[in-house]
């Protein structure tokens, strides 16, 4: 199957200009390629041309869907970089292990490089800066809720800093990802659950009450 | 004073090809510009042209000193991104506050963006990958020595993980820098010493013995 001719099949959306059904598989393929190109080379080298080549589709297929590269990157981030989900397991340790797990998955996953790049380059690309604010905000809201409930349950000291907790947990996961060379990511990726537990136990020791 | 003509003054090195004294101020200016260009746009857009424009010097002045952009970036990192210095104050808390302080200075300093980029892009640029390994290695050696002495003094539990401690401290500082928007870096930069103390106290709580 070739994507270069953008074959109309499957229950794709109808494109309003051409009236041709869109192929959702092409969309996915382009968005995955966009994440790869952005992750590897950053905004400085992010072009529709590079994404089309990587995806194995014609540039026209991309322009049929996205008017420019900024919209393309924004769609890619919308589809592939997900905010932190609300976490409420009833235990602060388990909540934080899940939070760390979500971070590790996003940093080590298929779009991990795009995610870490995004954290670094967001303010250079106004079109996606808003998205990064949302992602950071989702971390803060999730952490704030986790800490508030844990204080109410007597698991954490009153006044525990949400910011420091986030810096230690999110930053710890980020440093773990950045310190892992490309050729070891597969192997290290298998031990992420263990790492999440270790990091949380390490950090929690300092803030648990009593 | 204009740098575009590379005026020969000051106790510069004598260039072996032209026999003309090199102006160390031009060197510094070019290396600072290189850090800015690399920090803002990354390797994808790092060109001798862009650095020359930013530094306000002619391209010839750069090629007189560096044969290509890889050597230029390598020199820039050598000059402006420094390994962690050995720290031994006699107290683990003070050692770690100084370690965190060094990290914060490097992430928030004039070449802070170049430093964080470097952590992210190192494996895309073989010529500087070695330098990043050295920088990471200097963190590990410094942290290992700090932990070893602290265990010997009874300040830290035996078996304290150097990796987790580094992830929490270095990652915490990194996340703090990445979460700070450009327009707040000046204000946040003034409170870095306080932040270093808060982060260390937060993390240490979990690993101090007794």
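The values are calculated or read from the model by the stated rules, or taken from the named source; none is laboratory data. Model, not experiment: these values are computed from the prediction. Note that each Cβ is placed from the backbone with ideal geometry, even for glycine, and that neighbours are counted across all protein chains shown.
Which of the residues spanning the range B:150-186 are away from chain A (no Cβ under 11 Å), surrounded by fewer than 17 Cβ atoms within 10 Å (Cβ to Cβ) and touching a residue at least 60 places away in the same chain (Cβ under 8 Å)?
Residue satisfying the conditions is B:153 alone.
When you scan the range B:107-120, do you find a residue that is touching a strand residue (DSSP E or B) at 6+ places or on another chain (Cβ under 7 Å), surrounded by 16 or more Cβ atoms within 10 Å (Cβ to Cβ) and in the same structural domain as residue B:191 (by TED's automatic domain parsing), even just one?
no
Restricting attention to the range B:33-59, report how many residues are crowded, with 21+ Cβ neighbours inside 10 Å and more than 18 Å from residue B:124 (Cβ to Cβ).
Qualifying residue count for the region: 5.
Residue check, residue B:98 against (1) farther than 21 Å from residue B:30 by Cβ; (2) in the same structural domain as residue B:38 (by TED's automatic domain parsing), all met but one. Which one?
If we test residue B:98 against (1) farther than 21 Å from residue B:30 by Cβ; (2) in the same structural domain as residue B:38 (by TED's automatic domain parsing), just (2) comes out false.
Within 13 Å of chain B (Cβ to nearest Cβ), in a helix (DSSP H, G or I), within 16 Å of the chain's Cα centre (by Cα) and without any contact (Cβ under 8 Å) to a residue 60 or more places away in the chain: is that true of residue A:104 in this structure?
Criteria not met by residue A:104.
Residue B:146 passes all but one of (1) touching a residue at least 24 places away in the same chain (Cβ under 8 Å); (2) facing chain A (nearest Cβ under 10 Å); (3) over 30 Å from residue B:73 (Cβ atoms); which number fails?
Condition (2) is where residue B:146 drops out.
For the range A:60-70, which positions are in a loop (DSSP other than H, G, I, E, B) and surrounded by fewer than 14 Cβ atoms within 10 Å (Cβ to Cβ)?
Matches in the range A:60-70: A:67, A:68.
Could you tell me whether residue B:205 is modelled with pLDDT of 95 or more and at the interface with chain A (Cβ under 7 Å from one of its Cβ atoms)?
no
Can you tell me how many residues in the range A:187-202 are more than 9 Å from every other protein chain (Cβ to nearest Cβ) and over 30 Å from residue B:129 (Cβ atoms)?
Here the count works out to 2.
When the range A:82-101 is examined, which residues are found to be part of a helix (DSSP H, G or I) and under 28 Å from residue A:71 (Cβ atoms)?
none
Picking from A:156, A:204, which residue would you name as being in contact with a strand residue (DSSP E or B) (Cβ under 7 Å, 6 or more places away or on another chain) and closer than 23 Å to residue B:198 by Cβ?
Going through A:156, A:204 in turn, just one is in contact with a strand residue (DSSP E or B) (Cβ under 7 Å, 6 or more places away or on another chain) and closer than 23 Å to residue B:198 by Cβ: A:156.
Residue-by-condition table, conditions (1) under 24 Å from residue A:161 (Cα atoms); (2) in a helix (DSSP H, G or I); (3) at pLDDT 90 or above; (4) out of contact with any helix residue (DSSP H, G or I) (no Cβ under 6 Å at 6 or more places or on another chain):
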position	(1), (2), (3), (4)
B:119	no, yes, no, no
B:140	no, yes, yes, yes
B:149	no, yes, yes, yes
B:197	yes, yes, yes, no
B:210	yes, no, no, yes
